[in-house]
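> This is the structure I have questions about; it appears just below.
The values are calculated or read from the model by the stated rules, or taken from the named source; none is laboratory data. From a predicted model like this one, the values you see are computed outputs, not experimental measurements. Backbone-built Cβ (ideal geometry, glycine too); neighbour counts: all protein chains shown.
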Amino acid sequence: MRGTVIHGPGDIRLETLDDPKILHPTDAVIRTALTCVCGSDLWPYRGVDTVAGPSPMGHEYVGFVEEVGSEVTGLRPGQFVVGSFATSDNTCPNCRNGFTSNCLHREFMSTCQADYVRIPNAQGTLVATEEVPGEEYWPGLLAVSDVMGTGWWAADAAEVKPGSTAVVVGDGAVGLCGVIAAKAMGAERIIAMSRHESRQRLAREFGATDLVTERGEEGVARIRQLTDGIGADSVLECVGTAEAMQQALRSARPGGNVGFVGVPHGVAVDGQELFFSHVGLRGGPAPVRRYLPDLIDHVLTRRIDPGKVFDLTLPLEQVAEGYRAMDERRAVKALLKP
Ligand SMILES: [Zn+2]
C-alpha cells in the first residue's frame, strides 16, 4: 500500500509500505475513505518537534472495515467507521469517566495518511454508522475524528453555556470548529480572533458574531471592551503557543473558564496570575470517542457542517503539497483522497 512518511523537516514522501495486518486480537484494519493533514503535523514538518528517522504520519481517518481480530465482536467488514486520533478500549476507569483519550490502553494513531490503517482497541475506538453515508458527509465525519471533536472539547472544557459569551483564540481548523461548537452549545456571543479574511468569513458562517484582529495586550483590551470590561465567560485556546495561552487566560472574566486544546509548545502558566484571576483552566487531548455518537449524529442530520474547514482537496499522491499549502497558510486544512 501507499503511506506517508516524514524523513525530516519539510521532507514528506508517499512510499510503498507493507499492508497493515492484525497484530492483536483486538485490532481491526480499515481501508481509508478519507484522511487529512493536521495542524499538529506541522510541528515536526517545521522542525519544531524533532523527527527521529523516517516516521509514518497521520492520525485522522474515516474508512471501511476490512478485517477484524478475533476479539472484536461489534464490527464487521464493509462497515463505514469513524474513530479518534487516540485509541481507547472504552471500558477502563478513565474511559468510564469520559476521558477516553487517557485510556489505560491508549495508543496514539500515527499511520493514517495511507491506503490502509491498523486500528488498535478497535471495538472501543471505532463507531460504525448505521449505513454507509453519502460521500458528501465524509469530510464532516472525518473532521469529527479530530478537529471537530477537539473544538467540541475546547467548548466543553471552557463550559460554554446557552446565552454565554465565548472567545475563540486561533483561526485554524480547530478554532473554526470551536466556533461551531460554541454555537451548537448555545453561546449568544462568539468572538473569533482572526486576521485572515478567508478564515474570518468561515468563522462568521459558523456563527461568530464578532471578529477581533488585535493580538496581545491590544487583543485583551478589545475583548474586555466587548464584554462589559471584565472578559468572556468562556475562552477556547486553540493554538498552543505561549502568546495564545496568555491571550486566552487574560480574555476570560473572573470566574470564567479557559479550555486549552492546542498542544502546548513553550507554554508556562504564571501561578500567581492564575490564582488571582479566578479563571478555571482545563485542557488536554480531546476525549473524541466520548463525543463520537453525538457528533456523528450532528453531521448526518446537518446540524453542523465541519467538513467546510477543508479548503483544499488532493489525491493522496500529492500529500507533500498538502503539507506545503498548510505550512504556507494557503490552506486551512488539506483533505486527502486515497
Ligand atoms: Zn480505556
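> GLY3 - would you say it is over 19 Å from the mean Cα position of the chain (by Cα) and crowded, with 22+ Cβ neighbours inside 10 Å?
yes
> Would you confirm whether or not the stretch 210-219 contains a residue that is among the hydrophobic types (A, V, I, L, M, F, W, C) and under 19 Å from the mean Cα position of the chain (by Cα)?
no
> Moving to a separate point now. If only one of PRO77, PRO162 is part of a loop (DSSP other than H, G, I, E, B), within 30 Å of ARG222 (Cβ to Cβ) and over 13 Å from the mean Cα position of the chain (by Cα), which one is it?
Criteria check complete, one pass: PRO162.
> Restricting the search to the stretch 137-152, which residues are part of a helix (DSSP H, G or I) and either under 16 Å from SER40 (Cβ atoms) or acidic (Asp, Glu) (or both)?
LEU142, ALA143, VAL147, MET148, GLY149, THR150, GLY151
> Regarding ALA181, is this residue modelled with pLDDT of 95 or more and more than 27 Å from PHE85 (Cα to Cα)?
no
> If you don't mind, another one. Find the strands (runs of 3 or more DSSP E) located wholly in the stretch 214-314 whose residues include 1 or more that are in contact (Cβ under 8 Å) with a residue 40 or more places away in the chain, acidic (Asp, Glu) and touching a strand residue (DSSP E or B) at 6+ places or on another chain (Cβ under 7 Å), and list them.
Those strands (runs of 3 or more DSSP E) span 232-237.
> Within the stretch 172-198, track down each residue that is within 15 Å of VAL258 (Cα to Cα) and surrounded by fewer than 18 Cβ atoms within 10 Å (Cβ to Cβ).
none
> Here's something else I'd like to know. Report yes if some residue within the stretch 87-107 is within 25 Å of PRO338 (Cα to Cα), in a loop (DSSP other than H, G, I, E, B), within 16 Å of the ligand (Cβ to nearest atom) and touching a residue at least 24 places away in the same chain (Cβ under 8 Å); otherwise report no.
Yes.
> For residues in the stretch 110-136 being assigned to a strand (DSSP E or B) and within 18 Å of VAL288 (Cα to Cα), which is farthest from the ligand (Cβ to nearest atom)?
If we take residues in the stretch 110-136 being assigned to a strand (DSSP E or B) and within 18 Å of VAL288 (Cα to Cα), then ALA128 is farthest from the ligand (Cβ to nearest atom).
> Still on this model: Would you mention how many residues in the stretch 110-138 are crowded, with 22+ Cβ neighbours inside 10 Å and touching a Phe, Trp or Tyr at 6+ places or on another chain (Cβ under 8 Å)?
2
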